[in-house]
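The values are calculated or read from the model by the stated rules, or taken from the named source; none is laboratory data. Worth saying up front: this structure is predicted, and the values here are computed from it rather than measured. For neighbour counting, all protein chains shown are included, and Cβ atoms are generated from backbone atoms with ideal geometry for every residue, glycine included.
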Amino acid sequence: MPPTIADLELSIAPLGDGFGLSLRLMTPDIRHGPFPMAWDSAALLATSNDMHAYGAALRDMLFKESKARDAFLAIRAAGLGAGRRLRVRMLLPPELQTVRWESLLDPQSGRALARDGDLLLSRYLSGDDYTPLQLRPKAQLRALVALAAPTDAADYGLALIDTQAETEQIMAGLGDLKPTVIAATWDALSQSLRDGYDICYLVAHGMVKSGQPWLFLVDDQGNADRRRGGALADLLRSLDASRRPRLMVLASCESAGDGYADMLAALGPQLAQAGVPAVLAMQGKLRIATNKRMAPVLFAELLHDGMIDRAVNSARLAVEDEPDWWMPVLYTRLAHGMIWEEQVPAPAPSAQIMPLRSTSVSPEEISAAQQTLASLPTTSLPSPDDNLPPGSWMNQLRRNQHFVGRDRDLQTLAGYLKAASGAQNRLTLLSGMGGVGKTQLAIELAYRYGRYFAGVFWINCTQSANIPNEIARCGGAGQLQLYTEAAGLKIEEQVNLVRARWSCGLPYVLIFDQCEDPDIVRTYDPGGAVRVLITSRSPEWPHDVALQRHTVGTLERAESVALLRQQVPNLSDADAATLATELGDLPLALYLAARFLQKVGKQVTVERYLADLRSPKIFDRMALRSDDGNLPTGHNLDVARTFALSYEQLDPHDAEDAQALRLLARAAYLVPGEVVPGSLLRASLETATDDLDLVLEVETGIERLINLGLLEQVGEEGLRIHRLVGSYVRQVSQDASAQVAVERAVIAAATQMMQAPNRSALLAFQPILRGVADAALLREDAEAATLAHLLGANLNWLSMYHEAQPYLERALALRERLLGPQHPDTATSLDTLAGMFENQGDYPQSRKFYARALAIREQVLGPNHADTATSLNNLGWLLRTQNDYAAALPLFQRALAIREKVLGRDHRDTTESINCIGVALMEQGEYDQAMLYYEQARAICERTLGRNDPYTVDVLNNIAVVLQNQGQIDAARQLYAEVIAISEQVYGPEHPETAISINNLAEMLDQQGEYAQARPLYERVLAVREQALGEHPYTAWSLNNLGALLLNMEEYAAARPLLERALAINTKLLEPTHPNLAMVLHNLAIALDNLEDYAAALPYYKRALAIYTDNLDPDDETLVGVAERVEELREYVEQL
């Protein structure tokens, strides 16, 4: 039989420069529009005192086009067919909520839609709370009547309220509910609402002033107590959904606005937005006489069947002869309109039992079924088939025609079901977070593979008390046909018959959908050869329930793009990919996005939609919600409600759940979508690790979040929260300390990493650090500056200079503004920026920043502070790089003196200063003097750090270089080999530091002309650096070294691609005047020159010459040689 009420969605949305009307009948699915409307606000204002004329003006605007009128009449006729009523839900943009839509006239009959007995008119208005409404039986309903009749009402120009008459008429209307009646003081009303009532009827005067709703309650003396309406909304929003009223009736004038002010600021809409599922409010000054007639009808009809929109319709009809009949406005987010549910009595018993089919089967039937099952393909996807085996029951769920992808998931699950035998592998758990499409996948599986089984049966497990009814339905006429209605069997008897049939040996498939309680499976699994597929948010089930497990994740990116473009064909692949990224490839979110863009795509660009998605209040927007009730799976079309199902199961008063909530709030700020170390999330709790009870609570909390599908375990230690779950938690969580705690934990972790940097660790941590830093930078405070500095330092160490610079400069600017230009942290920022410029070869800029940092530290910390010594050393090293040894050596010596005095002779930093002096002397050719310093450094390192320490390795490397330059080749070679062995032991054979030692030996062999021995070492170094460093100056250096070696071996063609790659890296990372860039340009020019590609060689010679001219003496041999070759090639090329 068709439903008694059909649903019509009448939506108005911006269209071009005006508005458009769209119509949709839900069953059958009929859609029309959008149709342009002839909107005229002035015409409405001119007719505002004549409601019939006002409604006619609305009719003419909406149905300006004959196509719009014809579409409405056709849908209206289809919806009202077969004796049905039509529920009309209006979806309106905020700017049109002030319109008196209840006066809209039917384009055919000329009667107001709100006064048509066959039409149930309401307005859809979304709320802040997406918790699904749990209906209660009528007998359990509690009602509250709050009356505010100020004795001094006349002082405010208000009519007197007859509290005795109001009480009598409400008591008569509510019948057996026996409502609680209170005087509406703020304290009494607040406490009563906290106690929990299903229906709240508030009689009070109200008004809208300056865009804000106000209520006139009473104080303890009975005088008027004017209260801001938003305070009542805030109170309701703070309540748990189970205690919040299902219906609030505001018998207060202007409780829905006055038709001219901002209706969304009036009280009724505010209460709806605060999470009350249905609100009846007044748009204007409703007369007390009208309310006296309307209220009894409203409640009498409501108590008849619980349908609020039908009750409001009846109440309007009861006062249609009153001039203010149109003022009641119903806001509801209820798809079904029900406030309570009827308890259906059990069928009357009957003596006759007429089983239509036996619960046992023959061996032949089992054999035939097994042969059919054996033909099930597991390496290919069969086409969908809507015809399931006879007797199957899918609970009226049909296959979704928009389903895409999931091939591997389908094949894996089908393989599990096919291979199932015995108690060990009959049960399959399909787990995944809310909105990921578990139910959708199970339905697709049923319609693709169901034909290979004896039957498929769908059991909805959301309400465990209803499962016996679900199972019993599988045995009736049209399904397994084990009994008839007339048999009068009790539910338990029906269930036993169905379970007996399921366990008969045939390969049935049972789908226990949304099953979060293992006891359901323990209780209702029939055994035998039946296969049970369980969909659950939790991947962790008790081990006594033997399961095959399969976790379904978000869609692959290509699948996401296909899903979006399937419904929005004009969406580009690039825009679809961007949307998929923002939505984290979550199927439910993608489906809603596609629906939204399909509806308003001509008026809303993808950029505008993305801006909505990035809003902090994303779940207040329609971008991830739908205005009709369900997906094809029967699930709620609302991402936030999907998440709320899990979130609301966490009880803040339970110790373990409280820890779970704290963990979840912090995970929401730890860059949702990225895998984060579990240790980092635990550290953000800032709790003592020696309290074993607390440690256990934390671990249980993490497990709880994983079981609820709010957090995902990735590997042994990784955890991940979905992007949209993170957005939801940030919006609903009351944990104000979460973001700050996360930032402190990230700062501590990043600081520790930079003390002993490792490329793989820095790369893995970078997305987390970047996400937390970017979020903090919106505040522009000291913590944000620290995070930006650490991110810049991370990027700088990884040679990602162009990305590092903006963060380092932002950190510096914030520290200068917040801490002052002379603060030590400002000096730290200057120092790090200077190092970045030095790495890029921008020596003038680097020198300026090093000098500023040094000046600050000398002035603020003093000339003998360890940080001052660091600045001296850094500036000295830069000057050494520029061959300004006369300026560099005094700085090294000052730094050494400070460190010896402050840190001691045996400190690492002291050893560094000694080593730096040795380098400066060595590079000036003063090898004996350099060796004295190196030997001092070696003695300290070996005494205090050991021979296998990184500092010791650096010093030994430098000693080997001195031996090489002194001509002690054998000693140098032996020491290089020893250093390589130590490096391999300390760092590992594939570490960049080990590569430095190998490179030094290779360069010595290269200089000695031992090319064959040097080449494999250069190649090994290059392989390590490419793997460990990627695009890095050291990688370019290795490419150049190997390329130059090949030039010496006259293998010019082999050298060319290596040198071109080196040039590409240096061009990207280094300043245009960097000496390393000139060296690569020169070598590439030589390769092309020898390959006789003179025209290609000449530009590289020219670029090398320009850099040499800026950095070398005019009579330098290299500069002179390149200049001569440039002239030769220029003349040659010009003659061609």
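If you check D954, D970, D928 for being over 23 Å from N883 (Cα atoms) and out of contact with any strand residue (DSSP E or B) (no Cβ under 7 Å at 6 or more places or on another chain), only one passes: D970. Residues of region 168-198 that are touching a helix residue (DSSP H, G or I) at 6+ places or on another chain (Cβ under 8 Å) and of a type in the set (S, T, N, Q): Q169, T180, S190. For region 1036-1047, the count of residues that are within 21 Å of P950 (Cα to Cα), in contact with a Phe, Trp or Tyr (Cβ under 6 Å, 6 or more places away or on another chain) and either in contact (Cβ under 8 Å) with a residue 40 or more places away in the chain or charged (D, E, K, R) (or both) is zero.
Just one of L777, L812, L769, L818 is buried (at least 17 other Cβ atoms within 10 Å of the Cβ) and more than 24 Å from E582 (Cβ to Cβ); which is it? Only one candidate qualifies: L812. When N1083, N1090 are screened for being among the polar types (S, T, N, Q) and farther than 30 Å from S799 by Cα, only N1090 passes. Scanning region 25-38 for residues that are on the phi > 0 side of the Ramachandran plot and outside the structural domain of D321 (by TED's automatic domain parsing) turns up at least one hit.
Do we find a residue being in the same structural domain as P382 (by TED's automatic domain parsing), in contact with a Cys (Cβ under 6 Å, 6 or more places away or on another chain) and crowded, with 24+ Cβ neighbours inside 10 Å anywhere in region 432-451? So that I can check it myself, show each step before the final result.
The initial filter retains those residues of region 432-451 that are in the same structural domain as P382 (by TED's automatic domain parsing), namely 432-451.
Restricting the remaining residues to those that are in contact with a Cys (Cβ under 6 Å, 6 or more places away or on another chain) gives none.
No.
Which of the residues belonging to region 736-760 are small (G, A, S) and not in a helix (DSSP H, G or I)?
Of region 736-760, the ones small (G, A, S) are 736-738, 741, 745, 748-750, 756, 760.
Scanning region 736-760 gives A736, S737, A756.
For region 504-560, the set of residues classified as in contact with a Cys (Cβ under 6 Å, 6 or more places away or on another chain) and among the polar types (S, T, N, Q) consists of Q514, S536, listed by residue number. Count of region 69-81 residues, restricted to those that are within 10 Å of P107 (Cα to Cα) and buried (at least 16 other Cβ atoms within 10 Å of the Cβ), is 2.
The numbered conditions (1) modelled with pLDDT of 85 or more; (2) touching a Pro at 6+ places or on another chain (Cβ under 9 Å); (3) outside any loop (DSSP other than H, G, I, E, B) are all true for K599 except (1). For region 926-960, the candidate set comprises residues that are among the acidic types (D, E) and outside any helix (DSSP H, G or I); within that set, the residue that is farthest from the chain's Cα centre (by Cα) is E926.
Going by the conditions given, is A756 surrounded by fewer than 17 Cβ atoms within 10 Å (Cβ to Cβ), under 24 Å from P1033 (Cβ atoms) and within 25 Å of the chain's Cα centre (by Cα)? Write out each step before concluding.
Working: surrounded by fewer than 17 Cβ atoms within 10 Å (Cβ to Cβ): yes; under 24 Å from P1033 (Cβ atoms): yes; within 25 Å of the chain's Cα centre (by Cα): no.
Judged against the criteria, A756 is not a match.
Only one entry of N460, N466 meets the criterion of being in contact with an Asp or Glu (Cβ under 6 Å, 6 or more places away or on another chain), surrounded by fewer than 23 Cβ atoms within 10 Å (Cβ to Cβ) and either over 19 Å from S360 (Cα atoms) or assigned by TED's automatic domain parsing to the domain that holds L586 (or both), and that entry is N460. Of all the listed residues (A995, A1062, A1014), the sole one being assigned by TED's automatic domain parsing to the domain that holds N1090, of a type in the set (A, V, I, L, M, F, W, C), crowded, with 20+ Cβ neighbours inside 10 Å and in a helix (DSSP H, G or I) is A1062. Here V962, V955 are screened, and the one residue that is among the β-branched types (V, I, T), touching a residue at least 40 places away in the same chain (Cβ under 8 Å) and more than 29 Å from Q755 (Cβ to Cβ) is V962.
Are any residues in region 101-114 in contact with a strand residue (DSSP E or B) (Cβ under 9 Å, 6 or more places away or on another chain) and either buried (at least 22 other Cβ atoms within 10 Å of the Cβ) or in contact (Cβ under 8 Å) with a residue 12 or more places away in the chain (or both), and if so, which ones?
Step one: filter region 101-114 for residues in contact with a strand residue (DSSP E or B) (Cβ under 9 Å, 6 or more places away or on another chain), giving 101-106, 111-114.
If the condition is that a residue be in contact with a strand residue (DSSP E or B) (Cβ under 9 Å, 6 or more places away or on another chain) and either buried (at least 22 other Cβ atoms within 10 Å of the Cβ) or in contact (Cβ under 8 Å) with a residue 12 or more places away in the chain (or both), then W101, E102, S103, L104, L105, D106, A112, L113, A114 are the ones that fit.
Among the residues of region 110-143, how many are part of a loop (DSSP other than H, G, I, E, B) and modelled with pLDDT of 80 or more? Break it down stepwise before answering.
Filtering region 110-143 for residues part of a loop (DSSP other than H, G, I, E, B) gives 110-111, 116-118, 124-136, 141-142.
Applying the additional criterion that residues be modelled with pLDDT of 80 or more yields 110-111, 116-118, 124, 141-142.
Of the residues in region 110-143, 8 are part of a loop (DSSP other than H, G, I, E, B) and modelled with pLDDT of 80 or more.
Any idea how many residues of region 144-188 are closer than 17 Å to A300 by Cα, part of a loop (DSSP other than H, G, I, E, B) and touching a Leu at 6+ places or on another chain (Cβ under 8 Å)? Adding up the residues that qualify gives 1.
If you go through region 1057-1089 and keep only what is closer than 20 Å to F837 by Cβ and among the small types (G, A, S), you end up with just A1078.
Comparison of L413, L388, L429, L417 shows that the only residue that is aliphatic (A, V, I, L, M) and either surrounded by fewer than 22 Cβ atoms within 10 Å (Cβ to Cβ) or without any contact (Cβ under 8 Å) to a residue 24 or more places away in the chain (or both) is L388.
Inspect region 648-657 for any residue being out of contact with any helix residue (DSSP H, G or I) (no Cβ under 8 Å at 6 or more places or on another chain) and either within 28 Å of R595 (Cα to Cα) or outside any loop (DSSP other than H, G, I, E, B) (or both) and give the result as yes or no. Yes: one or more hits.
Residues checked against (1) farther than 16 Å from L250 by Cα; (2) touching a residue at least 60 places away in the same chain (Cβ under 8 Å):
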position: L177; (1), (2): yes, yes
position: I182; (1), (2): no, no
position: T185; (1), (2): no, no
position: S190; (1), (2): no, no
position: R194; (1), (2): yes, no
position: I199; (1), (2): no, yes
position: H205; (1), (2): no, no
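The residues of region 195-234 that are under 43 Å from the mean Cα position of the chain (by Cα) and charged (D, E, K, R), listed by number, are D195, D198, K209, R226, R227, R228, D234. The set of residues in region 335-360 that are at pLDDT 80 or above and either under 33 Å from the mean Cα position of the chain (by Cα) or surrounded by 13 or more Cβ atoms within 10 Å (Cβ to Cβ) (or both) comprises G337, M338, I339, W340, T359. Checking each residue in region 68-109 for being basic (K, R), part of a loop (DSSP other than H, G, I, E, B) and either within 26 Å of D324 (Cβ to Cβ) or modelled with pLDDT of 80 or more (or both) picks out only R100.
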